[in-house]
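The values are calculated or read from the model by the stated rules, or taken from the named source; none is laboratory data. Please read all numbers here as calculations on a predicted model, not as lab measurements. Positions of Cβ are generated from backbone atoms using ideal geometry, with glycine treated the same way; all protein chains shown enter the neighbour counts. Protein only, heavy atoms only, side chains kept; ligands, DNA and RNA dropped before computing areas. Shrake-Rupley method; radii C 1.70, N 1.55, O 1.52, S 1.80 Å.
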Amino acid sequence: MMKLDIYDHFHKDEREFVDRAWEWVVNAGQYHETKLTDFLDPRQRFILESLVNRHPDVHAVFDGGHADAERVRAMIAPDYRALEGEDLKMKVLSISSGDQKFLELEHGDYMGSILGLGIKRSKIGDIHVLADGCHAVVADDISAFLHLNLSQVHRVHVMTDLLPLDKLKVARTNFEAMDITVSSMRLDGIASDAYRISRTKIVVPIKAGRCRVNWKVEEDPSANLKEGDVVSIQGFGRFKVLETGGLTKKGRYRIKVGKYA
């Protein structure tokens, strides 16, 4: 009965993850097992936290290498087991190059090259593109493989090094900020302005299930957004609603959105 009751709170696309996460929680509570997960996105973390909170005998810790990490690993354990200072088995893959073109590489270039080696996305945490290179947080069990095999990123020759987590350099998120006025806080209206395409065109990927608001699938173009919401539409990139201001004289909403650079 518990399972059916849990499903009510989540999108149907999330059921597979809900099942796995609930199994981890039950195994910790009933069979005293400790589980170290791969990297979770913020939505998966939210689901896991809400399931952990339903079980009186289980707790969890989360870490992605720094306080504001977007992608984190979790350790789930029976509540009598202390988890403070627990090693969640992560390394920093430091990527550098003597090639000038290297400085033009972007987040997607690094991600593509790592995944191109046959690595699952769930083994990779946050990727920090820095002024002089890149620091990627990776699962310990694939770190040596990446160190040996990652020699090119987008046709640029690179060198790698493995560092402990305390040497992680964190990139600041770069936003291209835009001030827009919209007639309502609807997803389709704000997204069409943010991506600079017509509302009729933006509705197609939303209805096709290719849009996520705060990492949760959103198929309703008329859903209302609020300050702090992060929207990603496959093929268009991501933006965040940074501020919602007052109304203009014509009754339109003033808002500031930031597109992830």
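What do you reckon, is ASP109 surrounded by 14 or more Cβ atoms within 10 Å (Cβ to Cβ), out of contact with any helix residue (DSSP H, G or I) (no Cβ under 7 Å at 6 or more places or on another chain), more than 30 Å from ARG54 (Cβ to Cβ) and charged (D, E, K, R)? Can you show your working first?
Details: surrounded by 14 or more Cβ atoms within 10 Å (Cβ to Cβ): yes; out of contact with any helix residue (DSSP H, G or I) (no Cβ under 7 Å at 6 or more places or on another chain): yes; more than 30 Å from ARG54 (Cβ to Cβ): yes; charged (D, E, K, R): yes.
Taking the combined requirement at face value, the residue satisfies it.
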Considering only residues of region 49-65 that are part of a strand (DSSP E or B) and more than 12 Å from LEU88 (Cα to Cα), which is farthest from the chain's Cα centre (by Cα)? VAL58
So the check is Cβ under 6 Å with 6+ separation or different chains; which pairs have a first residue in region 38-64 that's outside the structural domain of GLU16 (by the TED database) and a second one that's assigned to a strand (DSSP E or B) and surrounded by 16 or more Cβ atoms within 10 Å (Cβ to Cβ)? none
Taking region 231-249 as the search range and keeping residues that are in contact with a strand residue (DSSP E or B) (Cβ under 9 Å, 6 or more places away or on another chain) and free of Cβ contacts under 8 Å to residues at least 40 places away in the same chain, which one is nearest to ALA194 (Cα to Cα)? ARG238
Looking at (1) at pLDDT below 95; (2) in a loop (DSSP other than H, G, I, E, B), which one does MET178 not meet, given that it meets all the others? (2)
Scanning for something among the polar types (S, T, N, Q), under 21 Å from the mean Cα position of the chain (by Cα) and either at negative phi or open to solvent by 60 Å² or more (accessible area, probe 1.4 Å) (or both), does region 201-221 turn up at least one residue? no
Identify all residues within region 71-106 that are of a type in the set (Val, Ile, Thr) and closer than 18 Å to LEU51 by Cβ; write none if there are none. VAL72, ILE76
